[in-house]
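Just so it is clear, none of the values below were taken in a lab; they were calculated from the coordinates. Remember, predicted model here, so these are calculated numbers, not experimental data. Heads up, the Cβs are rebuilt from the backbone with ideal geometry, glycines too, and the neighbour counts pull from every protein chain shown.
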Amino acid sequence: MKKKLLALTLSAITALSLLTGCGAANDTYQIGVLQLTQHAALDAANEGFIAALDASGIKYEVDQQNASGDSSTCVTVADKFVNDKKDLIYTIATPAAQAVAGATSDIPIVGSAITDYVEAGLINSNDAPGGNITGSSDMNPIDAQLELLMQLVPDAKTIGVFYSADEDNSILQANLFTTAAEAKGLTVEKFTISSSNEIQTVVQSMEGKVDACWIPTDNKLAAGMATVAMIANEIKLPVIPGESNMVVEGGLATYGLDYYQLGYLAGEMAVEILKNGKKPADMPIQFLPADKCELTVNEETAKAIGVDVSGLK
């Protein structure tokens, strides 16, 4: 009888321990963050995401990983997160999201700094993603940026469009900008790179061929914007980039999105999934409203290349 009571007591204690352990595990969410590379815009999207988690009051542990722009590293990190059975994975930039999407169809994925989720093959539609992926989009205000370019360089006839040939979202933006520019009677010449080592040579090749240059929210060029600006300013070439931090790095001016706010949006979506049980399949892709776009001007660059920006004030 004593042995039976002892056995029952031990079983009860074991069961209680398991339940207690499960409760602790469920209360502290395990989140993986995969950032494609390090530059100011993606860093801000990361910071905004964490701020939203903190504001929600949930308990979480985050595993921060940066792929340094390498696609194979994205795949390695994605596999690790899946093997670690993360509760949710946050991906910053399209190649990061594509790598994680290829590794799991079960773990919720929230993305940011992704221009077009459909074009990237991540979801079925913006309104009804239909799988385990949702997030916030950084589709930039291309029309406003084109108007800004025409205002600052009114005599421009040929515009260079500079982007990475292996970034799906850059290709999409380049095509959208080309269509918009040609509709206004401008000629567009495209310049592409496949490696950041090509930036200097390609910018130098624009001299005498184009009157101004536009760059989308391209990860390689955002990371290498200091090099772009150094050469462009030498040859007096106005550059309108797709993102405000690229202006800080030496571009002329832009109407850009706030990537911190994009990350915060994504963080709020992650909280809805973790805390309230929402499914990514039913959560539409989120976009920042137009009034969140801000004008950024680099007056030192304007002075260096002889462009009057006083009319923007």
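Listed by Cβ neighbour count within 10 Å, with the fewest neighbours leading, PHE162, PHE49, PHE287 appear as PHE287, PHE162, PHE49. Taken about its Cα centre, the chain carries a charge dipole of roughly 1360 debye when the Cβ of each Lys and Arg holds +1 and the Cβ of each Asp and Glu holds -1.
Using bins of 20 Å that start at zero, the share of Cα-Cα pairs per bin across the chain amounts to 32, 48, 15, 4, 1, in whole %.
Between ALA128, ALA229, ALA96, which gets the highest mean-square fluctuation from a Gaussian network model of the chain, Cα cutoff 10 Å? Highest fluctuation among the options: ALA128. Working note: Debye formula, equal point scatterers on the alpha-carbon atoms of the stretch 121-186, no solvent; log10 I(q)/I(0) at q = 0.23 Å⁻¹ is -1.03.
For the chain, the relative contact order works out to 21 percent when only alpha carbon pairs closer than 8 Å and six or more residues apart are counted. Against the compact-protein benchmark of 2.2 N^0.38 Å, the Cα-based radius of gyration of the stretch 147-215 scales to 1.09. Normalised size of the stretch 214-261, defined as Cα radius of gyration per 2.2 N^0.38 Å with N residues, equals 1.05.
Note on the chain: with a GNM built from Cα contacts shorter than 10 Å, the maximum mean-square fluctuation among ASN126, ASN219, ASN46 falls on ASN126. Computed over all pairs of different Cα atoms, the Kirkwood value for the hydrodynamic radius of the stretch 136-270 is 14.9 Å.
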